[in-house]
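Scroll down for the structure; my scribbles are underneath it.
The values are calculated or read from the model by the stated rules, or taken from the named source; none is laboratory data. Keep in mind the model is a prediction, meaning the values are calculated, not measured. Every residue, glycine as well, gets a Cβ built from its backbone with ideal geometry; the counts of neighbours run over all protein chains shown. Side chains are part of the model used for accessible areas, which takes the heavy atoms of the whole protein and leaves out ligands, DNA and RNA. Shrake-Rupley method; radii C 1.70, N 1.55, O 1.52, S 1.80 Å.
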Amino acid sequence: EDPSSSSSTQNSVAPELPGFYYDPEKNRYFRLLPGHNNHNPLTKDSIQHKAMECKRLRLLEEEEKQNRKTTRAGLNSSMLLQKRQLGLLSSTSYCRLVHELKVNCMQRRKIEIHSPDSSVAGTNNFKIIVADVACERIFTVNDVEHGGCKYGIINLSGLGKESLTVEMYDNLYFTNRKVNSVCWASLTHPDSHFSLTHFSKLCLMGIAETPGCASLLPASLFSSTNPGDRPGMLCSFKISTAWSCAWCLNPQADNCFSTGLTRRVLVTNVVTGHRQTFGTSSDVLAQQFATQTPVLYNGCRSGEIFSIDVRQRNRRGQSWKAIRLFHGSAVTSLHLMKAEHYLMAADMAGKIKLWDLRTTKCVKQYRGHHNEYALLPLHVNEEEGLLIAVGQDCYTRIWSLQDAHLLRTIPSPHPSSKDAIPSVVFSSRLGGSRGVPGLLMAVKQDLYHFSYN
């Protein structure tokens, strides 16, 4: 049973009565009140929240005692090794099952965050964390108490086996807008002879009628060097209400990024300033560029997924749409697999589907994810064969990519709430090529490491 699902508290002897709640401890019925009532705890919402909190605490206690059971019967390291030596398991199956054991054995440890500025670390809640390609640094978006967001970069070089410490750097830029999407970008500046790594931030104002902006900042803003030597903001574009962003790494569309707006897609070249606009029939909530071709995949609020070849000129109507897929609910996240024949998509109905782009058919579905309204990302690690997603219920779930089997459900260290949904990063080399493997989880003001070894 899914730990986050609400189970009935009714005793098998006591039948369920409409409008009443049966308390097995007191052995009596209590009347339920409609809606939210802060003074009377006997509402459906409060009872469900209490039941979920009890399950979360029970699962945390089991995790600390290492009482977790593997999801497949009889799966253990000695049995796997014995079957491998007897030739009963292929190399592929053996590696896949070993990764499942690693997932089951991950233990949570809290990371100590250091900062040159004592006011940076541990003062604001984490909202988004995104790792760069090498997993050496993590860009963070933190909520500010008086409203808005501020940004920072965490250096993972100190994430060693002996110690779990990281350094966090802040900068002077912050926004009173809601940051809705973040992605890393690699840009070669025309006035320089070396490549600078930047990240593109997409900022969304809380009021839908107020324009948002897309900003490109150099990562060197976040360092311990003299602030006077730091470069300023590279560029900032004012746009309408924005939902998503993506950076193109294909050389045929070099220095271009896309923003998913309300009923249109905007592709911008940050060097020349040239823009292409593609009109859509719905808000674009998720985007990702392919790397082998300059093709952009878009997921919409209507549930439609379509691709755009950005080399073509924008036309009237929607004849430029190539591949078209359809979900039953708003698409919140997209992930294109490395071979670029398959696309993973998640929606607001909690469904995660793997689509074959050659046949435009769903080939696998990963069950157990929980989402109703939030823009929640997917994390795919093809090397380890794992899919990771954090649900609106604050549980982190890990599936096997091959057979869509749910391997583990990790409870949040903090009580579940709308402002406490964890943000995660998973890599086999956290901190660089010689880094440590594991799962990073940012929730509230804390950062945790789940060792994967």
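Details
- Filter pass, residue 195 being surrounded by fewer than 18 Cβ atoms within 10 Å (Cβ to Cβ), at pLDDT below 75, touching a Ser or Thr at 6+ places or on another chain (Cβ under 9 Å) and at negative phi: yes
- Qualifying positions in the stretch 123-165 - among the charged types (D, E, K, R), surrounded by fewer than 21 Cβ atoms within 10 Å (Cβ to Cβ) and assigned to a strand (DSSP E or B): 127, 143, 150
- Among the residues listed as 72, 84, the single one being at pLDDT below 85 and in contact with a helix residue (DSSP H, G or I) (Cβ under 6 Å, 6 or more places away or on another chain): 84
- Scanning the stretch 408-442 for residues that are touching a helix residue (DSSP H, G or I) at 6+ places or on another chain (Cβ under 6 Å) and surrounded by 19 or more Cβ atoms within 10 Å (Cβ to Cβ), we see that the one that is farthest from residue 180 (Cα to Cα) is 408.
- Qualifying residue in the stretch 430-441 (condition: under 24 Å from residue 287 (Cα atoms), touching a Leu at 6+ places or on another chain (Cβ under 7 Å) and of a type in the set (Gly, Ala, Ser)): no
- Taken over the stretch 423-443, the criterion of being basic (Lys, Arg) and closer than 16 Å to residue 386 by Cα is satisfied by 429 alone.
- Residue among 223, 200 that alone is modelled with pLDDT under 80, in the same structural domain as residue 374 (by the TED database) and closer than 26 Å to residue 374 by Cα: 200
- Unique residue being in a strand (DSSP E or B) and of a type outside the set (Gly, Ala, Ser) when the list is 265, 271: 265
- Check on residue 17, open to solvent by less than 60 Å² (accessible area, probe 1.4 Å), modelled with pLDDT of 80 or more and not hydroxyl-bearing (Ser, Thr, Tyr): no
- If you check 375, 440, 354 for being out of contact with any Cys (no Cβ under 8 Å at 6 or more places or on another chain) and either without any contact (Cβ under 8 Å) to a residue 24 or more places away in the chain or farther than 26 Å from residue 46 by Cα (or both), only one passes: 440.
- Residue within the stretch 384-404 that is of a type in the set (A, V, I, L, M, F, W, C), closer than 21 Å to residue 92 by Cβ, at pLDDT 90 or above and in a loop (DSSP other than H, G, I, E, B) present: yes
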